[in-house]
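Novice: After the structure tokens below, expect a handful of questions from me.
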Amino acid sequence: MVASVPSGHVYVRHIAPEDGSGPLRLPDPRPRGVAAASQQWWPPVMLEADWVEQHDFDVFHLHFGFDARTVAELEDLVAALRRRGKPLVLTVHDLRNPHHQDRAAHDAQLDVLVPAADALVTLTPGAAAEIRARWGREALVVPHPHVVPFETMRRTAAMREVRSRGAREREFRVGLHVKSLRAGMHPHPLVPVLVDAVRDLPGAVLQVNGHRDVLEPGGARYDAALAEALRDHAARGEIDLHVHDFLDDDALWAYLSSLDVSVLPYRFGTHSGWMEACRDLGTAVIAPSCGYYADQGPVLSYGHDERGLDAAGLVDAVRAAYSGHVEPGPTVEERRIQRAQVAAAHDALYRSLTGGQQ
């Protein structure tokens with residue numbers, strides 16, 4: 001029995017076998033004071049030392065959610081696991097927290113968890129190398145599984161096949177999504193570069209999607225400079241601007257599959273579930289040089305990090321996507337095989353830590 005934190009995240013659901021076999025994962029406990037009908041589960045209750053002391057499980061596998069905990073609380077968690085003799089597995093998704101402007105807090109949390117873990121997992125060789133350099137620990141590299149449901153992948157692939165038979169006069173859509181701006185996102189300098197790049201490509205359209213809380217006055221994260229710039233470009237017919245609330249999964253898959261290429265505007269980060277969803281749906285990805293996105297899967301890369309933007313590299317990446325110089329996304333069958341392999345790797349890891357008992 002595995003206490004996965006959190007068990008309801010799509011990544012955690014998809015590292016389990018498709019047929020529902022494999023180790024039992026405990027459901028996410030409801031946070032105190034939250035109604036049963038609510039979808040809220042954050043911050044994960046399993047991260048409380050008291051929860052560890054009071055519940056039965058064989059392995060504690062931490063993925064996300066510890067950014068809501070202090071260093072002292074994480075030390076208490078580790079101590080509780082030690083007292084109960086429960087192995088700790090940590091999947092290092094983020095070596096730099098994309099929500100934090102300053103890296104110090106996340107680094108301090110990792111300095112507790114990485115040395116204490118009985119086993120480490122990460123998604124790319126590059127991240128494993130950084131873990132080795134920073135902490136002298138070896139991490140098992142297991143690739144990111146699919147994000148989009150297989151049936152949606154199948155339908156989207158069929159629709160793309162039909163569209164591919166059309167003439168080049170169809171639109172070529174370049175997407176930039178600014179959603180609820182994370183600290184690691186910096187779309188501001190990308191917008192004029194993309195406008196100029198797309199202007200030179202016949203039939204190309206630059207579509208910018210953003211959440212109301214960022215692009216409308218009164219929003220909790222309203223960015224006046226970005227909103228004004230996007231409205232000006234839209235008024236001149238240079239971008240197709242879509243302002244909306246949070247998209248549910250079906251709307252998100254429909255949106256991503258309508259794009260030919262999605263540009264990731266990150267200036268720091270590590271890995272990306274958004275990128276995997278794009279790949280599932282056959283949408284090419286233009287990813288920045290920061291983090292380990294190019295390690296994670298086939299992308300078109302451009303220079304972008306906290307030091308600045310390589311505008312020429314971004315233009316080259318857009319042109320390459322337009323010219324079709326991209327690797328095709330994985331098929332449903334390839335993702336199915338990968339999911340089985342990912343699940344088997346986790347099962348073997350758990351068994352190695354529990355003497356074969358789960």
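Novice: Do we have Arg221 as of a type in the set (Lys, Arg), under 27 Å from the mean Cα position of the chain (by Cα), exposed (fewer than 14 other Cβ atoms within 10 Å of the Cβ) and in the same structural domain as Trp274 (by TED's automatic domain parsing) here?
Specialist: Criteria met by Arg221.
Novice: When you go through (1) buried (at least 19 other Cβ atoms within 10 Å of the Cβ); (2) over 18 Å from Glu333 (Cα atoms); (3) touching a residue at least 60 places away in the same chain (Cβ under 8 Å) one by one for Ala128, which number turns out not to apply?
Specialist: Exception for Ala128: condition (3).
Novice: What about Ala251, is it farther than 30 Å from Asp102 by Cβ and part of a helix (DSSP H, G or I)?
Specialist: So Ala251 fits the description; yes.
Novice: Quick one: in the stretch 48-74, which of the residues that are among the aliphatic types (A, V, I, L, M) and surrounded by 17 or more Cβ atoms within 10 Å (Cβ to Cβ) is nearest to the chain's Cα centre (by Cα)?
Specialist: Restricting to residues being among the aliphatic types (A, V, I, L, M) and surrounded by 17 or more Cβ atoms within 10 Å (Cβ to Cβ), the top hit is Leu62.
Novice: Turning to a different aspect of this structure: Could you grab me the full set of residues in the stretch 298-316 that are buried (at least 21 other Cβ atoms within 10 Å of the Cβ) and within 26 Å of Glu334 (Cα to Cα)?
Specialist: Matches in the stretch 298-316: Val299, Leu300.
Novice: So, one more: Filter the stretch 131-154 down to the residues that are touching a helix residue (DSSP H, G or I) at 6+ places or on another chain (Cβ under 6 Å), within 20 Å of Ile15 (Cα to Cα) and free of Cβ contacts under 8 Å to residues at least 60 places away in the same chain and list them by number.
Specialist: Answer for the stretch 131-154, where residues must be touching a helix residue (DSSP H, G or I) at 6+ places or on another chain (Cβ under 6 Å), within 20 Å of Ile15 (Cα to Cα) and free of Cβ contacts under 8 Å to residues at least 60 places away in the same chain: Ala139, Val141.
Yes/no matrix, rows are residues, columns are (1) of a type in the set (S, T, N, Q); (2) in a strand (DSSP E or B):
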{"position": "Ser262", "(1), (2)": "yes, yes"}
{"position": "Gly269", "(1), (2)": "no, no"}
{"position": "Val285", "(1), (2)": "no, yes"}
{"position": "Leu314", "(1), (2)": "no, no"}
{"position": "Ala317", "(1), (2)": "no, no"}
{"position": "Ala345", "(1), (2)": "no, no"}
{"position": "Ser352", "(1), (2)": "yes, no"}
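Novice: Looking only at the stretch 340-356, which residues are of a type in the set (Val, Ile, Thr) and either over 27 Å from the mean Cα position of the chain (by Cα) or not assigned by TED's automatic domain parsing to the domain that holds Pro17 (or both)?
Specialist: Listed by number, the list holds a single entry, Thr354.
Novice: Hey, another quick one. When the residues of the stretch 98-112 are filtered to those that are under 21 Å from Glu48 (Cα atoms) and not β-branched (Val, Ile, Thr), which remaining residue is surrounded by the most Cβ atoms within 10 Å (Cβ to Cβ)?
Specialist: Here the residue is Leu110.
Novice: Test Leu190 against the criterion of being buried (at least 16 other Cβ atoms within 10 Å of the Cβ) and either among the acidic types (Asp, Glu) or not assigned by TED's automatic domain parsing to the domain that holds Ala348 (or both), and give yes or no.
Specialist: So Leu190 passes the test.
Novice: Taking into account only those residues within the stretch 228-248 that are farther than 30 Å from Val148 by Cα and in a helix (DSSP H, G or I), which is farthest from the chain's Cα centre (by Cα)?
Specialist: This residue is Ala235.
Novice: Next up: Every residue in the stretch 250-287 that is of a type outside the set (A, V, I, L, M) and more than 14 Å from the chain's Cα centre (by Cα), please.
Specialist: Hits for the stretch 250-287 are Asp250, Trp253, Tyr255, Ser257, Ser258, Asp260, Arg267, Gly282, Thr283.
Novice: Another question about this same structure. Does Val178 fit the bill of being modelled with pLDDT under 95, in contact with a Gly (Cβ under 8 Å, 6 or more places away or on another chain) and among the aliphatic types (A, V, I, L, M)?
Specialist: yes
Novice: Hey, Asp28 hits all of (1) in a loop (DSSP other than H, G, I, E, B); (2) in contact with a Lys or Arg (Cβ under 8 Å, 6 or more places away or on another chain) but one; which does it fall short on?
Specialist: (2)
The values are calculated or read from the model by the stated rules, or taken from the named source; none is laboratory data. A quick note: this is a predicted structure, and the numbers were derived from the prediction, not measured. Glycine also receives a Cβ, built like all others from the backbone with ideal geometry; neighbour counts cover every protein chain displayed.
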